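Following: one structure in structure tokens, then a few remarks.
Every number in this text was worked out from the coordinates using simple rules, so none of it is lab data. This is a predicted model, so every value here is computed, not measured. Every residue, glycine among them, receives a Cβ derived from its backbone with ideal geometry; neighbour counts consider all protein chains shown.
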Amino acid sequence: MKSLLAHPHVVLLTRVFLGLLFIVSSLEKIVDPAAFAHSIANYRLLPAWLPMTVATILPWIELLCGFSLLFGIFIRGSAFLISAMLIVFTLAVVSGILRGLDISCGCFTQDPAADKIGWMKVLQNSTLIVLSLFLYFSNTERFTLFSYIQQSTPRRRST
Amino acid sequence: MIRLRQALREAMALLVVAAALGFIYTAATEKGLFARTISGAAAGATTPQMISAEEVWSLFQSGSALFVDSRHDFDYRAGHIKGAINVPLKDFDVSTSALRDVARDRLIVIYCDGADCNSSIELAVKLAKAGFKNTRISFGGWREWVEAKHPTEQSR
């Protein structure tokens, strides 16, 4: 397990996968925060005034975390935030299922008829939680922007 | 512990930047929190919005909104918000419903049982697709209305 956590290619692959996933999923929410607020309100967990505030900030957290993972900046902080968000999303989905709500997840599309909540969504989210926790505990600095800058700086000086 | 401290520090930085970007973007594009139609009673909204019990009550008092009950007809007959019409979600068809001749820009407040029902939201989406531009959803619904002892009536 220790060698896997330090394996640069496995960590890079996970970073790129999660990074791209969160960038893509944030875009529609950023473009239409009202529709995303509506998706959040459908869960009936927050007071009426709160979904719009959440919909204003949350997609940008997803976008920033996505880019951070992609470029290898603040990997630990991004993985921490993504894990926390995914845990909250999953609890919301489970709560929706248990209350018998027939609603759209609001995860990747804001179409109310698509991407309905269900146990498959819980399984998907759980897999993503494992991947983000893997990144949180990983300990390799390879293929990150910082390592690239550190490597390229002495080379530039020598030329 | 060092790992957690580093993660929290980085997460905090990301949160601050994300919040700033979110507020700047929505303010610049007049979306979300800064949308001109954010007020519950404002006209012209295309996305159905949840409104609080206070907003529902003030719309009722002003008489400016049409109240729509999306529950089953037997629930509606047993008791509904005074003046509300019944448009059950089940088998909804705008051409045969009571909303057929209602102006598409009329302010409409939709409600169902309470915070744990879903038919008001689904009806709002269907109404939006049918061209109704100004719908609101009562978050607390019928239960909140009754608890507040606001006017109700029964139908035979």
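Structure notes:
- For chain A, the fraction of alpha-carbon pairs lying more than 27 Å apart is 31 percent, rounded to a whole number.
- Hydrodynamic radius of the protein assembly as shown by the Kirkwood approach over all distinct alpha-carbon pairs: 21.6 Å.
- Sequence ranges A:120-132, A:37-49, ranked by mean other-Cβ count within 10 angstrom, highest first: A:37-49, A:120-132
- Remark on chain B: Rg and Dmax equal 19.7, 69 Å (Cα only).
- The spread of Cα positions in region A:84-129, taken along each principal axis and listed from longest to shortest, comes to 25, 22, 16 Å.
- About the centre of its Cα atoms, chain B shows a dipole size close to 400 debye [charges on the beta carbon of Lys, Arg (+1) and Asp, Glu (-1) only; nearest 20 debye].
- For the protein assembly as shown, with +1 on Lys and Arg beta carbons and -1 on Asp and Glu, the positive-most of B:121, B:25, A:129 along the dipole: A:129
- Placing +1 on the Cβ of every Lys and Arg and -1 on the Cβ of every Asp and Glu, with nothing else charged, gives chain A a dipole about its Cα centre of roughly 660 debye.
- Per-residue mean of foreign Cβ neighbours for B:14-26 is 6 (Cβ atoms of other chains, 10 Å radius).
- Among the listed pairs A:116/B:149; A:29/B:126; B:31/B:133; A:29/B:82, those beyond 28 Å (Cα-Cα): A:116/B:149; A:29/B:82
- Peptide A:74-84 has a mean shielding of 5, counted as Cβ atoms of other protein chains within 10 Å of each residue's Cβ.
- Absence of a disulfide-compatible partner, taken as no other cysteine beta carbon within less than 4.7 angstrom, is noted in chain A for A:65.
- Highest mean first, the peptides B:119-129, B:12-22 sorted by other C-beta atoms within 10 Å per residue fall in the order B:119-129, B:12-22.
- Cut-off under 5 Å, modelled amide H: who pairs with residue B:66 long-range: B:107, B:108, B:109
- Burial order of peptide ranges B:94-101, B:107-114 (average beta-carbon count within 10 Å, highest first): B:107-114, B:94-101
- Charging the Cβ of each Asp and Glu at -1 and of each Lys and Arg at +1, and nothing else, the dipole of the protein assembly as shown about its Cα centre rounds to 1200 debye.
- Per-pair calculated FRET efficiency, R0 = 25 Å: residue B:75 and residue B:96 via Cβ, rounded to 0.05: 0.80
- Expressed per residue, the C-alpha convex hull volume of region A:19-91 stands at 77 Å³.
- Global form of region B:55-142, assessed from the alpha-carbon gyration tensor, a/c cut-off 1.5: rounded
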